[in-house]
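Just below is one structure, and these are the notes that go with it.
The values are calculated or read from the model by the stated rules, or taken from the named source; none is laboratory data. In this text, all values refer to a predicted model and were calculated from it rather than measured experimentally. All Cβ positions, even for glycine, are placed from backbone atoms using ideal geometry, and neighbour counts span all protein chains on display.
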Amino acid sequence: MNGWIQAGSVEELRDQGPKLIKGGIVVFYHEDQVHALDNRCPHLGFPLHMGSLCNGILTCHWHHARFDVCSGERSTLGQMMFLYTILPFMTD
Ligand code: FES
């Protein structure tokens, strides 16, 4: 798969919580959708897979910057998140 990274099934992502995958990308399941973000907080680089996700807002646990996982926009400190494209595919 040229340039594509398999993140796992939707069921795995839903059941297991945030998943760190190759290339420093973290994948979140939220409201029947999967979102992929750069795992480094744009403020000072804290690993965001260790943050918390509530109502679509990801909170970095270091200085409490908050990001909308759907748009990547910041709610407080920091800059906009870099989002990746997720494409579903069948494995059977
Ligand atoms: S490193 Fe995330 S808010 Fe500072």
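Restrict the check to the stretch 41-52 and report whether at least one residue is away from the ligand (no atom under 16 Å from the Cβ) and either closer than 19 Å to residue 74 by Cα or in contact with a strand residue (DSSP E or B) (Cβ under 8 Å, 6 or more places away or on another chain) (or both). No. The listed residues are 72, 23, 8, 45, and the only one of them that is without any contact (Cβ under 8 Å) to a residue 12 or more places away in the chain and small (Gly, Ala, Ser) turns out to be 45.
Results for (1) touching a helix residue (DSSP H, G or I) at 6+ places or on another chain (Cβ under 7 Å); (2) modelled with pLDDT under 90; (3) in a strand (DSSP E or B), shown as yes or no for each residue.
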position: 12; (1), (2), (3): no, no, no
position: 20; (1), (2), (3): yes, no, yes
position: 23; (1), (2), (3): no, yes, no
position: 28; (1), (2), (3): no, yes, yes
position: 37; (1), (2), (3): yes, yes, yes
position: 43; (1), (2), (3): no, yes, no
position: 53; (1), (2), (3): no, no, yes
